[in-house]
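Working notes, beginning with the structure itself.
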Amino acid sequence: EWLRSIRDGIPIGAIMVWRTNSVHIECYDKLGPFRLMPPSDGGARQYILDGVQRLSTLYGALHRPPSQLQIREDIEEISAISDDLGEEAHHAGAFDVYFAPEEREFVGPSERADHPGPLMPLHVVFDSLALLRYQRSLSEEGYDALIPATDEVARAFRDYKLPIIPITTDDINLATRTFQRINSQGARMSETHMVHALTWQPGFDLQKQLASLKREFLEQRYWDALDDDPILKASKAALNLDV
């Protein structure tokens, strides 16, 4: 739906980033199929508060699929703290998207084999030479009438503007409250994620602590797939805190 919106010039919402000079928290090391450079030790950082799924979809679909997870230095400053995409989604092939010029529609990797008409890899829209080569192949195969559709979708993506809203603060409480309020339609940020962000420091990582507890106490009982939130609630109850 996001790709269709871009094709039709419909806004898909702003990307919200949190800029901070002093707060360093653990973050994901991948954006879609692309591996991010680790953040530098000092200086300002940007964390994605809202828009990881959209950026992952767009970046994975619009860049040439890597043969393996690559380091992309051009986005080394951006680190994601939300929207756990899962290991399967990180596989580069999961982000392959094609444009069917006959229907002016997008086709995912699972639908590609059954599609009867020509398909254009979406990543060619930002590669002029690759787009020309694809259009030449259409002409050679007798599909000249479809070339304008490929030009139109390429122009739609090249001209599209995606707004970025920065939240500049060193107050992690303000940043997490902001995320809670604006992320009502995206992937849910669980209480464990919130507590993890608020308590993280170099010597303490809540999610690693929970993973250790699962291995020690739950794995032998085959309960190691239990969500983190019930374990957090049990921990709060044991500490006489409000569950």
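If you roll a 1.4 Å probe over the heavy atoms of the protein chains, what accessible area per residue do you get for region 15-63, in Å²? Working shown, then result.
Numbers: 1810 Å² over 49 residues.
On a per-residue basis, 37 Å².
Identify all lysines with a Cα-Cα distance to Lys214 below 30 Å; exclude those on the same chain that are fewer than 8 residues away in sequence.
Straight-line reach from Lys214, under 30 Å: Lys30, Lys233, Lys236.
How much accessible surface does Asp144 have with a 1.4 Å probe, in Å² rounded to 10?
Surface accessible to solvent at Asp144 totals approximately 80 Å².
Mind checking the full-extension length gain between Lys236 and Lys30? Use 0.36 nm per residue of separation minus the Cα-Cα distance, one decimal, nm.
Gain on stretching Lys236 to Lys30: 71.0 nm.
Excluding His196 itself, calculate the net charge of residues whose Cβ lies under 11 Å from the Cβ of His196, where each Lys or Arg counts +1 and each Asp or Glu counts -1.
Counting the neighbours of His196, the net charge comes to -3.
Could you sort 218-231, 112-125 so that the peptide with the highest average Cβ count within 10 Å comes first and the rest follow in order? Before the final figure, lay out the partial values.
Details: 218-231: 12.3, 112-125: 15.7.
For the peptides 218-231, 112-125, the packing ranking is 112-125, 218-231.
Probe 1.4 Å, all protein chains in place: accessible area of Ser56 in Å², nearest 10?
Surface accessible to solvent at Ser56 totals approximately 0 Å².
If you count, for each residue, the other Cβ atoms within 10 Å and average over each peptide, how do 23-30, 93-100 line up from highest to lowest?
Details: 23-30: 16.9, 93-100: 19.6.
Highest-to-lowest ranking by the protection proxy: 93-100, 23-30.
Counting Lys +1, Arg +1, Asp -1, Glu -1, what net charge surrounds Val153 among other residues with beta carbon under 9 Å of its beta carbon?
Working: positive: Arg7, Arg104, Arg155; negative: Asp151, Glu152.
Surrounding charge for Val153 is +1.
The values are calculated or read from the model by the stated rules, or taken from the named source; none is laboratory data. Everything quoted here is computed from the prediction, not taken from an experiment. With ideal geometry, Cβ positions are generated from the backbone for all residues, glycine too; neighbour counts draw on all protein chains shown. Surface accessibility is based on the protein's heavy atoms, side chains included, excluding ligands, DNA and RNA. Shrake-Rupley method; radii C 1.70, N 1.55, O 1.52, S 1.80 Å.
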